[in-house]
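What follows is a set of notes on a single structure, which appears directly below.
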Amino acid sequence: MATQLQTPGAIGPEAVTTRAANAPAWLAERRRAAWEAYTALPMPDRTRDEDWRRTDIRGLEPDEYVVDPGPTGHGAGLVEAMREMRDRIAPDAAFVASTRNGVRALEGAEALRAQGVTVCSLEDAAVHDEAAVRRALAHVPVDGSKFTALWNALWRGGCFVHVPTGVEAAVPIVAAHSAAGDHAAILPATVVVLEAGASLTLVELEASPAAQGTMLSDAVSILHLGEGSRLDHCLLQRWSASTWHLATHRGVLERDSRLRFFAATFGSRLQKVYWDALLEGQGADATLTGVCFGGGDQHLDHQSLQAHRAPATRSDLLLKVAVRDRAQSVYGGLITVDRAAQRTDGYVQNRNLMLSRGARASGIPMLEIKANDVRCSHGVTAGHIDTEQRFYLQSRGVDPEAADRLIVRGFMQDALDRSPHAGFAEFVGGVLDEVVAGHSAAGVEAEGLS
């Protein structure tokens, strides 16, 4: 606690007071309640908490991290690095960029505003679109977990999108979250509310400079899909190799809505991420896909929930993972089917490829089924790269580096083909080629910071 008192802007009650002072009354009260929950809840413990049994965060001391840095000299460089990624993935997209100092850029949203689409910081939306924000935040209670409580207390800036009934957003939106600085803490916030029959493509980018001191990222995305709406959501995680990354990405699907979620994981020293699809309305449909590549000493933990709470709902999850060196990947996937959710169709599969003898990957899928008219199944595989495939390619003149690149791309391709955005899939495929060739994808180059 001494560090917290000595370090200006560190995670602590003073930061909560600052946030509350600049918030509407309802949000200020929510922030204070969240901080009380955060201080009351214990840190996750692998010996006590089943979710954390295979992930150890005993080295993380949140109160050592700075959430309010004051004026910094690296914001422009960070925003430009994120803008360059936007230009490569979806150059026509609107662009919202947040750092620890809040929203630093909001560009290209004119066509969306002409349609009545709201694109702004979450802080502004809490004032001007209170009902929609409160509806969305209700899906992440202030006392849900240690780190969602911290997020509720201290998020800043963020991206809020509200698409009115029947509107198909004219262009995609890129929400970029970035930070730099030793012991920096950032709490990325993305909230999307789609009314009935609306549709949107959203790309989220999370990144910090590769040459970076230790950092903490505590992120939440809330996606509320109204009746008959459609959301394509792509997520790229490229935090530096010294970053602790904790996140919850939660989609809530009403009747006949459709979510296509695609995530690419490359960065962080340790990641614990939850992917939740809550299928609340009849006919809701969620397709969840992930590709992950880890190296060095990275520990990458994905956990998913496909919760079927209404009849005739469908969910399908595919996670492809490749690890090398001493990296570890762990996955836990749960499909739940309520008694009322007859005619559910649920599937989860996790495929793991280990490129080095020191690398480890494992998955544990689970089913909890209370209905009697369902079709649910799961599958997990883990194995080392096939030496016969390597030999076959090398015997035909393919060098070892190119052989591994072809094998990994072939392994990942069916997942990449499920990306709802072609530009995102192409970008991720290029990053995969670079990491297989020996380059690190943890962190990005930023002017003056790489």
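The values are calculated or read from the model by the stated rules, or taken from the named source; none is laboratory data. Everything numeric here is computed off the predicted structure, so don't read it as measured data. Here the Cβ positions follow ideal geometry from the backbone for every residue, glycine too, while neighbour counts run over all protein chains shown.
Is it the case, given these coordinates, that Asp92 is over 20 Å from Val161 (Cα atoms) and modelled with pLDDT of 95 or more?
no
Listed here are the residues, each with its yes/no results for (1) buried (at least 24 other Cβ atoms within 10 Å of the Cβ); (2) more than 30 Å from Ala25 (Cβ to Cβ); (3) not charged (D, E, K, R).
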site	(1), (2), (3)
Gly157	no, no, yes
Phe160	yes, no, yes
Val163	yes, no, yes
Gly197	no, yes, yes
Thr201	no, yes, yes
Leu246	yes, no, yes
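Working only within the stretch 285-302, note down all residues that are aliphatic (A, V, I, L, M) and either without any contact (Cβ under 8 Å) to a residue 40 or more places away in the chain or surrounded by fewer than 22 Cβ atoms within 10 Å (Cβ to Cβ) (or both).
Ala286, Leu288, Leu300, listed by residue number.
The rows are residues; the columns are (1) in contact with a Phe, Trp or Tyr (Cβ under 8 Å, 6 or more places away or on another chain); (2) free of Cβ contacts under 8 Å to residues at least 60 places away in the same chain.
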site	(1), (2)
Leu41	no, no
Arg46	yes, yes
Asp49	no, yes
Gly59	no, yes
Asp68	no, no
His74	no, no
Gly77	no, no
Glu84	no, yes
Arg88	yes, no
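Name the pairs: first residue in the stretch 398-417 and surrounded by 15 or more Cβ atoms within 10 Å (Cβ to Cβ) and modelled with pLDDT under 95, second residue outside any helix (DSSP H, G or I) and among the aromatic types (Phe, Trp, Tyr), Cβ to Cβ under 8 Å, at least 6 apart or on different chains?
Val408/Phe293
Search the stretch 344-363 for residues being among the charged types (D, E, K, R) and in contact with a Ser or Thr (Cβ under 8 Å, 6 or more places away or on another chain), and hand back the single one that is farthest from Gln413 (Cα to Cα).
Here the residue is Asp345.
Within the stretch 97-179, considering only helices (runs of 4 or more DSSP H) that don't extend past its boundaries, which have at least 3 residues that are under 26 Å from Ala15 (Cβ atoms)?
Counting at least 3 such residues, we get 122-128, 130-137, 146-154.
If you go through the stretch 274-306, how many residues are acidic (Asp, Glu) and not in a strand (DSSP E or B)?
2
Quick check on my filter: what residues within the stretch 289-312 are charged (D, E, K, R), in contact with a helix residue (DSSP H, G or I) (Cβ under 9 Å, 6 or more places away or on another chain) and over 16 Å from Ile364 (Cβ atoms)?
Of everything in the stretch 289-312, nothing turns out to be charged (D, E, K, R), in contact with a helix residue (DSSP H, G or I) (Cβ under 9 Å, 6 or more places away or on another chain) and over 16 Å from Ile364 (Cβ atoms).
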